[in-house]
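The values are calculated or read from the model by the stated rules, or taken from the named source; none is laboratory data. No experiment lies behind these values; they were computed from the predicted model shown. Here the Cβ positions follow ideal geometry from the backbone for every residue, glycine too, while neighbour counts run over all protein chains shown.
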Amino acid sequence: MSGRSPGSWSLKRRLAIRLSLLAVVAILGPLGFTLLHTRGQIGNLTEMALQEQASTVARAVVSPDGVVRPVPTDVTAAYREGGDGYLFVVRDKAGRIMASSSPRAESLLGAGRKSGQLFLVAPVSGGSWLAYAHQQGDYQVIAAQDQMHEDVLADSVAWDFAEASLWLTLPLLLTVLGVVYLTLTVLFRRVDKVSAAAAALTPGERAEPLPVDGLPREVVSLVSAVNQAVARLSQAYDAEKRFTADAAHELRTPLAVLTARVEALASGEDRAALQGDVDRLNRVVEQLLQAARLDARPVDGAAVIDLRAVLVETVADVAPLAVRRGRDITLDIAGDNPIRVQGDTTALAVIVANLVDNALRHTPSGPIEIVADPEGAFSVLDRGPGVPEDEKRLLFERFQRGRRPLGSGSGLGLAIVRQIVEQLGGSIGVTDRPGGGSDFRVRLRLAP
């Protein structure tokens, strides 16, 4: 199982995405706004600078009484140093050029009339100039600035501001994102540790409290509640195991007395019926004790045993039972070498005995065959009616007897078998045999 439900979502991923977006917006948002605002302010400064240029040229060239004077040498020198990046012309009402900074200025700014406003000059030959027209008496003074010039105020200031801001903003943004990632990673690593500890809890073992160190208070309350619930479940489970074991032990003595009294009765149908009931009660008590022992002390499957020897000895022990029932039991083991598996001799004998007992009680006739192979697996086969498909899934659950009319099982034998096999690290399953019957196959771990 993956532990995910169809509608589940990742809190870590959601927090990471939202906190990262918040950090990006909180850090880059003001920077972007400041850049746009700065560009606007620089545009205003550019316009003011053009107005000042036009006013300066007008005062220097046009006298107060309306006479156009020669351009002062300092103004000419300043515009000559700027090349074609800075231009000006002075025109009369008829549009005639009265003064200019250069022939380039006359060709670009000489045509048309503009009054009291900004306008863009973009000739076909390329480039663009932002121009401002200033009215000085009967004359119009137009000052222009090359938009592509490397010394344009807007480009220079905006670029310098953006570069300085990025040097500060990018490390800050990376630091914030790194802190978000590390915080979430550490937090959820601790949550994952608690989840792993919870997943390791198994019935029958002493449950250690889930760790709460390093967890936030909101999660600590949840983990504490789970610890309390697990403690209550462990107490109830222990009480149930003690009750089962105590009840089974207490029943053994009266059952032994009852068995002796039944055997002392005269032969007849009533004695046979009573003997069958007593046998079943004895078997149920014995299986309850087996289940209680498994719950109290799980099987240790670390030992290396010979599967062949265990099968031979166990089949010899259960053979008289099969003979009394008029059934044949056979053992077939491939090869002559030992089959070394990891397991427990007593537990493996219980597995074989319970599977044989199950076959004898739930099949009307036919032989019971036990077949082993060198790969650490063996099968118990019968020629009974088989197991319906809808019952196979529950066949190894406790007290699940199915709808089979034969036998008088308690529903514990196969559950005990599965519990032992799983504790040994193996597997068990049932399939239908060709020609009728069932194949209960147990696979154990081969010894290294």
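Below is a table of values for the structure above.
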{"read-out": "Close pairs (8 angstrom Cβ cut-off, 6 or more residues apart or separate chains): more than 19 Å from Ile416 (Cα to Cα) in region 428-442, among the aromatic types (Phe, Trp, Tyr) and surrounded by 14 or more Cβ atoms within 10 Å (Cβ to Cβ) anywhere", "value": "none"}
{"read-out": "Region 306-358: number of residues that are within 26 Å of Pro388 (Cβ to Cβ), in contact (Cβ under 8 Å) with a residue 60 or more places away in the chain and out of contact with any Phe, Trp or Tyr (no Cβ under 8 Å at 6 or more places or on another chain)", "value": "3"}
{"read-out": "Total residues in region 338-365, condition in contact with a strand residue (DSSP E or B) (Cβ under 7 Å, 6 or more places away or on another chain) and assigned to a loop (DSSP other than H, G, I, E, B)", "value": "3"}
{"read-out": "Selection within region 333-387 - acidic (Asp, Glu), buried (at least 17 other Cβ atoms within 10 Å of the Cβ) and more than 44 Å from the chain's Cα centre (by Cα)", "value": "Asp357, Glu369, Asp382"}
{"read-out": "Sole residue being over 30 Å from Met98 (Cβ atoms) and at pLDDT below 80, chosen from Asp160, Asp151", "value": "Asp160"}
{"read-out": "Selection status of Ile27, under 42 Å from the mean Cα position of the chain (by Cα), β-branched (Val, Ile, Thr) and either at pLDDT below 75 or surrounded by 12 or more Cβ atoms within 10 Å (Cβ to Cβ) (or both)", "value": "yes"}
{"read-out": "Residue match in region 198-207 (condition: at pLDDT below 70 and among the polar types (S, T, N, Q))", "value": "yes"}
{"read-out": "Given (1) over 30 Å from Gly29 (Cα atoms); (2) at pLDDT 70 or above; (3) exposed (fewer than 11 other Cβ atoms within 10 Å of the Cβ), number of the condition Leu210 does not satisfy", "value": "(3)"}
{"read-out": "Region 291-305, subset in contact with a strand residue (DSSP E or B) (Cβ under 6 Å, 6 or more places away or on another chain) and crowded, with 18+ Cβ neighbours inside 10 Å, residue modelled with the highest pLDDT", "value": "Ile305"}
